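Down below is the structure, laid out as structure tokens.
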Amino acid sequence: MNAGNANKSPRHRVKRFVKTPKGQALTGLILLTGLAGLFPGGSTELAHAALAAVTALAADAGVSLALKRPAAISAGGLITGLITADVLSALTPWYVVVLATLVALGSKHLIKRGRKPVFNPAAFGLLFALLVSSGGQSWWAGLSAAPPAYLFVLLGVGSFLAIRVKKYPQVLAFLGTYFGLVFLMAVFHLGLPSATPADALRLPFVNSSLFLAFFMLTDPPTTPASNRRQVQFGLIVAGVAVILFASFGGLAYLLIALLAGNLWTAWVTQRSRPVPTTAPRRPLAT
């Protein structure tokens, strides 16, 4: 076999894909999903993850066919489907998992600025799931059901991904601001009696903020590129999340905060685009 044929082999293409940021994000999600499936409720959650993955692949393939594009395995769709399933509780009905995945991918294809989605697709679909189902969220692929020592696995995988996709400034800004503000709320006894700041500083609630920071906050199409904007983005998402948590509690504050940050990103991106100049008109030939 010559070198050209070897480079086109499926094995070579898979190895090359795994070395890309998107491939490493997908690999990290598969690793955490498989590991989390070993703990209580894991069999149902793994079934939901498989269902969401199949739904995402079928939906993106359908969009490609509708637009007369070559149908291929969508890594982005797989990532969206896995994140959606990895957050939803095992008590969530299977059809809500499917609907949430479809809504997530629908937002990616329909709510766009140029060729990029405005909102993080998984966050959009998960917020929809909260509105239509009482199944709730467990953030199980953040290893929330695992012993505390497994938190180091989440930190290791997530930190590697944040560095690989060059989104560590916004991850650090978010985590530092979020935990700093929640700590101050706990010290000064601020917030709701039913959702105390101390809760957000304990396991497994810490897992949800870490999973969001590493696997949702780092989505390249819906977040800023420059380091300065990334820090601003992290501060905004953390600030909105803490305000919502202190005011309303509940489960949606992290998702709403991320979507608010996505809106800010779309706004500053649109505002910073250079104004096109109009070339002077040539006089008509006489």
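The numbers here are math on the coordinates, done by the rules we state, and not lab data. Fair warning: this is a prediction, and the values are worked out from it, not measured in the lab. Counting neighbours? That spans all protein chains shown, and the Cβs are built from the backbone with ideal geometry, glycine included.
Of note:
- Helix-only [θ]222 nm of the chain, DSSP H runs n ≥ 4, -39500 (n - 2.57) each, per residue, nearest 500: -21000 deg cm²/dmol
- Note on S134 and F17: the model spin-label points, each 7 Å out from Cα along the C-beta direction, lie 4.1 nm apart.
- Three-way shape call for segment 21-70 based on the alpha-carbon gyration tensor, with the a/c threshold at 1.5: oblate
- Surface/4 of the Cα convex hull for segment 9-270, nm²: 13.9
- Projected over every direction and averaged, the convex hull enclosing the alpha-carbon atoms of segment 126-257 yields 8.0 nm².
- Available extension along the chain between V187 and I73 is 36.1 nm, counting 0.36 nm per residue and deducting the alpha carbon span.
- Gyration tensor verdict on segment 1-139 (Cα atoms; rounded if a/c is under 1.5, prolate if a/b is larger than b/c, oblate otherwise): oblate
- Euclidean distance of C-alpha centroids, segment 46-88 and segment 145-215, integer Å: 28
- Label sites at R202 and N227, each approximated as a point 7 angstrom past Cα along Cα to Cβ, lie 3.9 nm apart.
- Just so you know, the averaged projected area of the alpha carbon convex hull for segment 46-91 sits at 3.1 nm².
- Residue with peak Gaussian network fluctuation, the chain [Cα springs, cutoff 10 Å], from L67, L259, L210: L67
- Test item: Cα-centred dipole of the chain, Lys/Arg +1 and Asp/Glu -1 on Cβ, debye: 1800
- Distant-in-sequence amide H partners of Q137 (H built 1.01 Å from N, under 5 Å): S89
- Net charge in the neighbourhood of G81 (other residues with Cβ under 15 Å of its Cβ; Lys, Arg +1, Asp, Glu -1) is -2.
- GNM top mover of P220, P147, P70 - the chain, alpha-carbon springs below 10 Å: P70
- 3J(HN,Hα) couplings calculated from phi for segment 134-150 with the Karplus curve 6.51 cos²θ - 1.76 cosθ + 1.60 (θ = phi - 60°) are, in sequence order, 9, x, x, 10, 10, 6, 5, 7, x, 6, 5, 8, 8, x, x, 4, 6 Hz; Gly and Pro show x.
- FRET efficiency for the A61 to F39 pair, using the beta carbon distance and R₀ = 22 Å, is estimated at 0.10.
- Amide hydrogen proximity for R113: with H placed 1.01 Å from N in the peptide plane, the residues at 5 or more positions away or on another chain lying under 5 Å are V118.
- Candidates T196, T218, T80: whichever shows maximal mean-square fluctuation once the chain is modelled as a Gaussian network with Cα springs under 10 Å: T196
- FRET efficiency for the pair A47 and I111, taken as 1/(1 + (r/R0)^6) with r the Cβ-Cβ distance and R0 = 35 Å, rounds to 0.75.
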